[in-house]
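Chemist: I have a structure here, written as structure tokens, and I will follow up with some questions on it.
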Amino acid sequence: MVDKKIKIFTISDHPFSSSGVGIQTKYLIDGLYKTGKYQFVCFGGAMKHADYRAQKHADYGDDLIVHPVDGYGTQEQVRQALEMYKPDILWFMTDPRFYEWLWDIEDEIRQKVPMVYYHVWDNYPYPKFNRPYYLSNDLVCTISKLTDDIVRKVAPEVKCEYIPHSVNMDIFKKIPKEVPNNFKKKNFGDKTLFFWNSRNARRKMSGSVIWWFNEFLQEVGKDKAALLMHTDPKDPNGQDLDAIIVELGLTNGEVKFSTGRHTSQEMAVLYNSADCTICISDAEGFGLSCLESLSCETPVIANMTGGLQEQVYDGKEYFGIGIKPASKAVIGSQSVPYIYEDRISKEDFKIALHALYSMTKEEREELGRKGREHVINNYNPDELIQRWDSILTSLNQEEGSWKTRKHPRWTLEEIES
């Protein structure tokens, strides 16, 4: 055991939530905790809480304390946590628009501890408006090669490390065929099964997936393929998917919804049951369902955008079908003046469905096997935790914290009169 553990203060989605950000935060905590070198204090945000008291978990003892917060917390809550726990590093993650309030007090925070931002960004053009945010950190870690290129171009003077997301490969793997085969036969018979696992939200293209899949069914036969969507068809952030399947007459099992909260093991069964997973978001920083599917040896149909493109294609071969965007509209908002929205076409999507549908079982299995190898070689969680450990240990030694902090915010100079 080490003499003094490095204490990490994390601000993110609640580490026990089911969101992609929450899952990645828990992976980080689990992996670093097992080294015996770290303790964690977390602001668990981005969800509704019934109880705001500090939470401990039996598996971690005193090495993990979670404080439920609304949003991602407030400036005053951050100040209180810093003074109460005296952490060595502040680590925070997700889209930068959620952290303007935090960077507003970076001069206070960085006098005490270094700030590590795990950066999520979806697309080009280079967001020069993000430069002040990048400059407000001691280290920016990036989830995709696209995001990494953006940070290095927009703020080349900032220390930057590319560390993609990962999955638990002991859970998300090819499992004995009996369980997924029984699930598929019971629910879908001998149909080719396409799987979609995303939030029912506008950028995820949930309505388009159903509408275009219906046209595909008209071409191959409604009794030949089915679509399973793990999502909330009534999500207020998305479309009424129930209404769409009624409108299209897809009420005889052609499209089914999985709406419950499943364990990772249960999700692995769904990936293993499918012949292909669909990930065609028009904006996607990473796309965790794509990686989970590939780790289970299930090939994917993916939009070549954001972090999806490096998962489905390694520069030499594809692990499914990558669809190039048919249009790149420049959209934005008051906080994000410009960013590309990558839309694929209906025609290209249907071509991809036909291609996967026409493959033999052996061809799909070979594609899936290569996808698993790609995950092992590039997204291995053990190797990524080793990198996090090395990076955070070095940062702690080089930058210090509190009394050893090596980040002067002012200098004293003698001025000649």
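Chemist: Looking at this structure, is Val167 crowded, with 20+ Cβ neighbours inside 10 Å, modelled with pLDDT under 95 and of a type in the set (A, V, I, L, M)?
Modeler: yes
Chemist: Taking the residues in region 193-205 that are under 23 Å from Ser19 (Cβ atoms) and among the aromatic types (Phe, Trp, Tyr) as candidates, determine which candidate is surrounded by the fewest Cβ atoms within 10 Å (Cβ to Cβ).
Modeler: Phe195
Chemist: Further question on the same structure: Restricting the search to region 284-314, which residues are touching a residue at least 40 places away in the same chain (Cβ under 8 Å) and among the aromatic types (Phe, Trp, Tyr)?
Modeler: Within region 284-314, just Phe286 meets the criteria.
Chemist: Filter region 1-21 for residues that are closer than 23 Å to Leu288 by Cα, touching a Gly at 6+ places or on another chain (Cβ under 8 Å) and surrounded by fewer than 21 Cβ atoms within 10 Å (Cβ to Cβ) and give the result.
Modeler: Result: Phe16, Ser17.
Chemist: Tell me which of these Glu416 doesn't satisfy, since it passes every other one: (1) more than 26 Å from the chain's Cα centre (by Cα); (2) buried (at least 16 other Cβ atoms within 10 Å of the Cβ).
Modeler: For Glu416, the exception is condition (2).
Chemist: Looking at Trp196, is it assigned to a helix (DSSP H, G or I), under 24 Å from Leu291 (Cα atoms) and aromatic (Phe, Trp, Tyr)?
Modeler: Criteria not met by Trp196.
Here is a yes/no grid of residues against (1) of a type outside the set (Val, Ile, Thr); (2) surrounded by 18 or more Cβ atoms within 10 Å (Cβ to Cβ); (3) not in a helix (DSSP H, G or I):
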| site | (1), (2), (3) |
| --- | --- |
| Gly207 | yes, no, no |
| Glu215 | yes, no, no |
| Asp232 | yes, no, yes |
| Asn237 | yes, no, yes |
| Ile245 | no, yes, no |
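Chemist: Continuing with the same structure: From the list Ile321, Ile301, which one is under 20 Å from the mean Cα position of the chain (by Cα), more than 28 Å from Arg97 (Cβ to Cβ) and not in a helix (DSSP H, G or I)?
Modeler: Ile301 is the lone residue from the list that is under 20 Å from the mean Cα position of the chain (by Cα), more than 28 Å from Arg97 (Cβ to Cβ) and not in a helix (DSSP H, G or I).
Chemist: Okay, next question. Confirm whether Glu341 is over 16 Å from the mean Cα position of the chain (by Cα) and surrounded by fewer than 22 Cβ atoms within 10 Å (Cβ to Cβ).
Modeler: Taking the combined requirement at face value, the residue satisfies it.
Chemist: Would you check if there is a residue in region 114-128 being at pLDDT 95 or above, of a type in the set (Lys, Arg) and not assigned by TED's automatic domain parsing to the domain that holds Gln77?
Modeler: No: region 114-128 contains no residue that is at pLDDT 95 or above, of a type in the set (Lys, Arg) and not assigned by TED's automatic domain parsing to the domain that holds Gln77.
Chemist: Now, a different point. In this structure, is Asp190 over 18 Å from the mean Cα position of the chain (by Cα) and either buried (at least 20 other Cβ atoms within 10 Å of the Cβ) or outside the structural domain of Leu395 (by TED's automatic domain parsing) (or both)?
Modeler: yes
Chemist: Can I ask one more? Which numbered condition trips up Phe172, out of (1) touching a strand residue (DSSP E or B) at 6+ places or on another chain (Cβ under 8 Å); (2) crowded, with 20+ Cβ neighbours inside 10 Å; (3) not assigned by TED's automatic domain parsing to the domain that holds Ser273?
Modeler: So Phe172 meets the others, but not (1).
Chemist: Restricting to region 353-368, name every residue that is surrounded by 14 or more Cβ atoms within 10 Å (Cβ to Cβ) and either outside the structural domain of Cys279 (by TED's automatic domain parsing) or among the charged types (D, E, K, R) (or both).
Modeler: Arg364, Glu365, Glu366
Chemist: Of the residues in region 83-95, how many are surrounded by fewer than 21 Cβ atoms within 10 Å (Cβ to Cβ) and either more than 19 Å from Asp13 (Cα to Cα) or touching a helix residue (DSSP H, G or I) at 6+ places or on another chain (Cβ under 6 Å) (or both)?
Modeler: 4
Chemist: Applying the selection to region 32-60, what residues are surrounded by 14 or more Cβ atoms within 10 Å (Cβ to Cβ), modelled with pLDDT of 95 or more and either over 24 Å from the mean Cα position of the chain (by Cα) or not aliphatic (A, V, I, L, M) (or both)?
Modeler: Tyr33, Thr35, Lys37, Tyr38, Gln39, Phe40, Cys42, Phe43
The values are calculated or read from the model by the stated rules, or taken from the named source; none is laboratory data. Fair warning: this is a prediction, and the values are worked out from it, not measured in the lab. Neighbour counts run over all protein chains shown; Cβ positions are idealised from the backbone, glycine included.
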